[in-house]
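Comments concern the structure below.
Just so you know, all these numbers are worked out from the coordinates, no wet-lab data involved. Note that the structure is predicted; figures quoted are calculated from it, not measured. Here Cβ is always computed from backbone atoms with ideal geometry, including for glycine, and neighbour counts include all displayed protein chains.
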Amino acid sequence: MTGYVYVDIADRDPAGYIREADRLLRASVELPPGYAVSWSGQYEAMRQVHERLEVVVPLMLLLFVGSSI
């Protein structure tokens with residue numbers, strides 16, 4: 001079984017909201033065995049882009065610097 005909760009965070013950045021909400025949730029709710037919490041939506045998309053950029057940007061800088069030498 002899966003449950004979803006929609007949260008509208010119009011005045012905050014998604015990553016900051018998720019960090020705070022995750023910290024508060026883990027501090028105040030003990031999940032029974034077999035239960036899990038995951039964050040999705042815009043946050044998940046932003047996290048995936050950030051992970052890709054952590055690889056691509058240094059690689060591009062390396063290629064750019066290497067080609068100018």
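Some points to look at:
- No other residue among Ala36, Ala15 is small (Gly, Ala, Ser) and surrounded by 10 or more Cβ atoms within 10 Å (Cβ to Cβ) apart from Ala15.
- Taken over the range 18-33, residues that are exposed (fewer than 11 other Cβ atoms within 10 Å of the Cβ) and hydrophobic (A, V, I, L, M, F, W, C) amount to 4.
- Taking the range 27-42 as the range and being part of a helix (DSSP H, G or I) and within 19 Å of Tyr4 (Cβ to Cβ) as the test, only Gln42 passes.
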